[in-house]
Amino acid sequence: MVDDATDPLATRRRVLITGAGGQLGRALAQAFADDDVLALRRDGWDVREPPPELAWSPSLVLHAAAWTDVDGAEEKEREAERVNVDGTARVASLRAPLVAYSSDYVFDGRKGSPYLESDDPAPLSAYGRTKLGGEVAAGGDAWIVRSSWLFGETGHNFVRTMLRLGAERDEVAVVDDQRGCPTYVGHLAAATRELVERGAARGVWHLAASGECTWADFAEAIFAESALACRVRRITTAEFGATAPRPAYSVLRSEKGAPELPHWREGLRACLEALGHPT
Ligand SMILES: NC(=O)c1ccc[n+]([C@@H]2O[C@H](COP(=O)([O-])OP(=O)(O)OC[C@H]3O[C@@H](n4cnc5c(N)ncnc54)[C@H](OP(=O)(O)O)[C@@H]3O)[C@@H](O)[C@H]2O)c1
């Protein structure tokens with residue numbers, strides 16, 4: 001018989017992660033590895049369906065599953081909504097302390113100075129609308145963590161795309177009239193942990209990398225840091241011609257004293273190092 005007061009297992013958090021196959025989900029599983037973690041990929045819990053039978057009730061849920069195809073959501077908004085809104089409501093119905101991830105794309109980008117937690121959202125895209133719907137579905141008792149321009153060692157992201165294109169081509173055309181904060185998932189996962197462990201009030205929190213840049217600046221930094229001799233041709237959003245509208249300026253900052261994340265360039269270096277690229 002073990003006394004709960006002295007048994008470290010009795011006080012360990014039981015952390016359920018959704019979307020564990022995604023880039024953030026994977027980083028969260030690493031950042032919370034000291035806890036009892038149940039990391040569910042889509043085949044473990046498709047959040048369009050009721051939750052699976054769980055061996056324990058979680059003491060913390062990190063909800064990283066999402067429809068993240070921004071352009072695809074324009075054509076299939078209802079399908080994106082089924083994941084990002086209805087799925088989030090289903091996760092919230094577990095009634096455990098919940099971190100739900102949201103996006104800078106809930107803003108229209110017209111403010112021209114950093115977006116704070118108290119700024120009014122006004123999404124331009126179907127994806128942004130579903131993420132805002134997800135914030136409502138998460139409920140007032142969740143930590144709603146908005147972040148931006150995520151990248152990591154796995155999955156579909158800008159860093160991995162640029163590393164591939166930079167090795168194949170002499171030049172790539174990259175959008176230079178959208179500004180944001182490229183955020184390394186390892187840094188976001190660590191900041192999530194800090195937010196929860198400090199017992200921060202529930203509600204909206206902006207957790208994004210320090211610094212800001214355009215996609216073209218970011219591409220140049222990727223090539224410089226990984227010693228790829230590829231030029232960046234700076235183009236406009238209109239020239240690029242993506243299906244979904246995106247905010248021209250979506251830098252996120254916190255007015256609530258959120259945990260501070262390292263600069264995006266530090267995140268880039270950490271990611272490249274983990275990928276085995278020279279920095
Ligand atoms: N990526 C960004 O730039 C960015 C920026 C700001 C905020 N966010 C938010 O941050 C969170 C994590 O994003 P991420 O970049 O890690 O995305 P990601 O790499 O695309 O991961 C999302 C994961 O969700 C899974 N998923 C999709 N539909 C699902 C469903 N019906 N049930 C269960 N799982 C499902 C995906 O599985 P499959 O691989 O099988 O499709 C994928 O593994 C999301 O809330 C996203 O909206 C992302």
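The values are calculated or read from the model by the stated rules, or taken from the named source; none is laboratory data. All values reported here derive from a predicted model rather than from experimental measurement. Here the Cβ positions follow ideal geometry from the backbone for every residue, glycine too, while neighbour counts run over all protein chains shown. For accessibility, only protein heavy atoms count, side chains too; no ligands or nucleic acids. Shrake-Rupley method; radii C 1.70, N 1.55, O 1.52, S 1.80 Å.
Some notes on this structure:
- Alpha-carbon centroid distance for the pair region 26-46 / region 130-192, whole angstrom: 19
- Region 160-182 residues near the modelled residue 122 label - backbone nitrogen below 18 Å, point 7 Å along Cα→Cβ: 179
- In region 31-82, the alpha-carbon atoms span a convex hull of 100 Å³ per residue.
- Cα Rg over Rh - region 128-249, Kirkwood: 1.03
- Computed from backbone phi, the HN-Hα couplings of region 68-79 come to 10, 7, 4, 6, x, 5, 4, 7, 10, 4, 5, 5 Hz, rounded to whole numbers (Karplus: 6.51 cos²θ - 1.76 cosθ + 1.60, θ = phi - 60°; Gly and Pro given as x).
- The loop-placed trypsin sites (Lys or Arg not before Pro) in region 120-178, going by DSSP, that have at most 15 neighbouring Cβ atoms within 10 Å of their Cβ come out as 169.
- Evaluated at q = 0.12 Å⁻¹, the base-10 log of the normalised Debye intensity for the chain, with identical point scatterers placed on the Cα atoms, takes the values -0.74.
- Against the criterion of solvent-accessible heavy-atom surface with a 1.4 angstrom probe, 94, 60 sort, most first, into 94, 60.
- Residue 197 sits among other residues whose Cβ lies under 14 Å from its own Cβ, and their net charge, with Lys and Arg +1 and Asp and Glu -1, is +1.
- Cα-based radius of gyration for region 168-221, normalised by 2.2 N^0.38 Å, reads 1.55.
- Compared with the direct C-alpha span, the chain from residue 13 to residue 275 gains 91.3 nm at full extension, assuming 0.36 nm per residue.
- Here the dipole of the chain is about 140 debye; that uses its Cα centre as origin and unit charges on the Cβ of Lys and Arg (positive) and Asp and Glu (negative).
- Within the chain, longest stretch clear of exposed GluC sites (Glu not before Pro) (DSSP loop, no more than 16 other Cβ within 10 Å): 118-254
- Degrees, to the nearest 10: 215-225 long Cα axis against longest axis of the chain: 90
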